[in-house]
1. Does the stretch 1-45 hold any residues that are of a type in the set (Asp, Glu) and loosely packed, with under 10 Cβ neighbours inside 10 Å, and which are they?
2. Since residue 49 meets every condition but one in (1) at pLDDT 80 or above; (2) open to solvent by less than 100 Å² (accessible area, probe 1.4 Å), which condition does it not meet?
3. Could you please give the count of residues in the stretch 83-127 that are open to solvent by 100 Å² or more (accessible area, probe 1.4 Å), in a helix (DSSP H, G or I) and modelled with pLDDT under 60?
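The values are calculated or read from the model by the stated rules, or taken from the named source; none is laboratory data. Not measured: the values here are computed from a predicted model. Every residue, glycine as well, gets a Cβ built from its backbone with ideal geometry; the counts of neighbours run over all protein chains shown. Side chains are part of the model used for accessible areas, which takes the heavy atoms of the whole protein and leaves out ligands, DNA and RNA. Shrake-Rupley method; radii C 1.70, N 1.55, O 1.52, S 1.80 Å.
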Amino acid sequence: EYHSSVRELVAFAKKKDPRYAQYLREKREAEQRRQENRNMEKMLEAKRRKDARKKNAVLEAQRLQDTLEERRRRYGDVEVQEAEEGKNKEEEVQVLACVICNKTFKSMKQYTNHARSKKHKALVNKI
């Protein structure tokens, strides 16, 4: 009982003491500054990562170009043309679409699996 009485007295004194209120304000402000610093660091880190990705993409494109030039010098234009044709084929991705379900697919296998699905069949039966 004595301990609870002392705790109540301390809590009452803290409420009335302006130094304690000042301490709580300073603590909140310090926490807000720390949070703002963390947010700023996160933004800077995200920006650094984004810049690094851009730089790596440029370096990768340059490396690819250098490789093609090396092939051109070493093997002649025939293999370079084949490589470029293969690259163009990779870029031309066939896009299949199911108008009923409003979905798109990158391969014929995905489309056939979708056509066999219960959801697709149910929508076809509704129409």
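1. Step one: filter the stretch 1-45 for residues of a type in the set (Asp, Glu), giving 1, 8, 17, 26, 29, 31, 36, 41, 45.
Listed by number, the list holds a single entry, 1.
2. It is condition (2) that residue 49 fails.
3. The qualifying residues number 3.
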